[in-house]
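Notes for the one structure printed next.
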Amino acid sequence: MCGIIGILGQDDAAPRVVEGLRRLEYRGYDSAGVATLAENGIERRRAEGKLINLEDKLKQEPLHGHIGIGHTRWATHGGPTENNAHPHATDKVAIVHNGIIENYLEIKEELATHQVRFETDTDSEVIAQLITHYINQGDDHIGAANKALDKLEGAYALAIIFNGQDNLMIGARQGTPLALGYGEGEMYLGSDSYALATLTQKISFLEDGDRVEIHKGGARIYNAANENIDRPVRITAQSGATTGKGEYPHFMLKEIYEQPAVIGDTLNSFINPSTGEISLPDNVIDALDKAPRLTLIACGTASYACTVAKYWFEQIARIPCEIDIASEFRYREAPMPEGGVAMFISQSGETLDTLEALRYCKREKQTVLSIVNTIESTIERESDLVLHTLAGPEIGVASTKAFTTQLTTLACLVLALAFKRGTIAAAQQAVYANALRAVPKIAADILEHDEAIEEIAKQIFKAEDMLYLGRGSLFPVALEGALKLKEISYIHAEGYAAGELKHGPIALIDENMPVVVIAPENEPLFEKTASNVQEVVARGGKVILFSDETGCKKLKDQSVWAIALGEVHPFVAPILYSIPVQLLAYHVAVAKGTDVDQPRNLAKSVTVE
């Protein structure tokens, strides 16, 4: 969601604030702004749209000052206009805010009785106005900020600067991530360690309820009761290097093409490349082995990784498995089994819905295992056990390599657990492990179908609706394919279990409806899926088939378009068949001319509920 950066330094802050905002672009945003403390007081530059618009303004009207804050906004309250863009400011204070202030209307009404006039449609402006109100009543700057923080309800990460105070910045965290950076005679705030990586490697991660007074010589972290808190300073593993697109036109395509390598990296962290032996931490496998039930929780694409894993855990490891969408889970107050394990999957490790579900499970005394891609995230720090996917930074908002490395990690986990539980023998485990080790090579082969998939995209990009069908562990791939298309091309698409076609969705099919069918011939339910394809064709639907050579031959007469992939083991099919549906979504979006890497209304890291 929104990105925050604050610099209390020795040189002009604005250029470095903008560089920090650039490193936060991956989170998604629709406006941006910078405020600094200049000679004449607080000055701001804000712009609707992409960061380049803000940079153009700064070229025409530079900002000076050694203390500055910046923000990339993803609109919640109020449209994505320049007026609603952060920083919000009065003559006495400027703030940047990530989160939602739930009681902002109440605060706004109270301030209106004191003749406070509001200039924006946002919930965030009340923070700046409230602090200003307390300063006007005689409170000092720190006291006014703390009094305002006491009044706020909701989720927030904040950076606050004050007119006339060139050696003070206030930060606060409640439910939304915020990192504190230590420099040489400088201090920093950022939404994550990646944003600060070009400035410092020394990071403290604030926890919920933390507040911080920042001065050039250091910082004091404290709580609402004004008690000092010690947060460890870590040397972050984040790289200061800026991730570029290289020769690719979009980050998404680059990240699709990185999948053979990053899947291989992830496999090599769990499977000995010489012996093929699968090795995961004993405490992880022991916890899962003792659990009466696994609960898998995630949002969006990661939830489809959970759905694939449910098939694997139950069929191969023979352990009951429940899946929940994080945004619904904690509100239904699910009873949790004694000794249960709750697994959380997240690319960013900061998704607030997932984090709050994690905290519910901890209160229910579940062992918490997280699978995350971003190191040093909040979800990682609050988990009992952690496994890392090794996808590397994923900049495109639509997840690709993070998804396939999540599946790869889960597949290794399933095989290690199944062997521990005795549901598969060593010979069976070796067959599955060899199938996994072949995935990077097959993934590279699948990418050679890119041009053929692009040609299909050019013929269907004007469609208004599409269906995706799959069975078994490929049903979640159909869901993911439909999500990818919706996210970046804005075409309405739905994924269904192929057997559900006749229970309603078949009513939608006509000659204008492309239907993507994911059905390798060696998949156990291929013949049943083939019958569903016949039902689609009988009603004029245009079938796009992703199968192997045998499957494409069998359904040659029923498919308008067919992509014959190499034969793959059914166990790893969900990983590999994700790649062509990613490419299809990508090329359709390019044909439509949409913003592939930063699609409208979407954010990479969703840190509000």
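Brief remarks follow.
- The magnitude of the dipole of the chain, with charges of +1 and -1 set on the Cβ of Lys/Arg and Asp/Glu and taken from the Cα centre, is near 780 debye.
- Evaluated over the range 195-302, the Cα radius of gyration and Dmax, each in Å: 21.0, 56
- In the range 1-83, Cα pairs under 8 Å separated by at least six residues give a relative contact order of 42 percent.
- Reachable lysines from residue 592, criterion Cα separation under 22 angstrom, eight or more residues apart if same chain: 50, 245, 254, 458, 462, 484, 486, 542, 604
- Value of relative contact order over the range 472-609, rounded to a whole percent, pairs C-alpha under 8 Å and six or more apart: 28 percent
- Built from the Cα atoms of the range 252-410, the convex hull projects on average onto 8.9 nm², one quarter of its surface area.
- Averaged over residues, the count of other Cβ atoms within 10 Å places the peptides 4-17, 395-408, 21-34 in the sequence 395-408, 21-34, 4-17, highest first.
- The range 155-197 shape via C-alpha gyration tensor axes, a/c threshold 1.5: oblate
- Based on alpha-carbon atoms, the Kirkwood radius and the radius of gyration of the range 512-593 give Rg/Rh equal to 0.97.
- Three-way shape label, the range 360-416, alpha-carbon gyration tensor, a/c 1.5: oblate
- Shape metrics for the range 460-609, restricted to C-alpha atoms - Rg then Dmax, Å: 15.0, 49
- Local net charge near residue 303, Cβ-Cβ under 13 Å (Lys/Arg +1, Asp/Glu -1): -4
- Rel. contact order, % - alpha carbon contacts under 8 angstrom, at least six apart, the chain: 12 percent
- Shape box of the range 413-452 [Cα atoms, principal axes, largest first, Å]: 44, 16, 11
- Karplus-derived 3J(HN,Hα) values for the range 267-275, using 6.51 cos²θ - 1.76 cosθ + 1.60 with θ = phi - 60°, are 4, 5, 7, 10, 10, 5, x, 8, 9 Hz; glycine and proline are entered as x.
- Taking θ as phi - 60° and the Karplus parameters 6.51, -1.76 and 1.60, the scalar couplings of the range 220-236 work out to 10, 9, 8, 10, 5, 8, 6, 8, 5, 10, 9, 10, x, 8, 10, 8, 5 Hz in sequence order, x denoting glycine and proline.
- (i) 70, 25, 22; (ii) 49, 33, 18; (iii) 45, 27, 21, with the label sought being that of the calculated semi-axes √(5λ) of the Cα gyration tensor in Å: (iii)
- Shape call, the range 333-442: gyration tensor on alpha carbons, a/c limit 1.5: oblate
- Descending by average beta-carbon neighbour count within 10 Å, the peptides 255-268, 329-342, 43-56 line up as 255-268, 43-56, 329-342, the highest first.
- According to the Cα-based calculation, Rg over Rh for the range 323-398 is 0.98, with Rh computed by the Kirkwood formula.
- Charge context of residue 258, other residues only, Cβ under 12 angstrom, K/R +1, D/E -1: 0
Rule-based calculations on the coordinates, nothing more; no lab input. What you see is a predicted model; the values in this text were computed from it and never measured. Methodologically, a virtual Cβ is constructed for each residue, glycine included, from the backbone with ideal geometry; neighbour enumeration extends over all protein chains shown.
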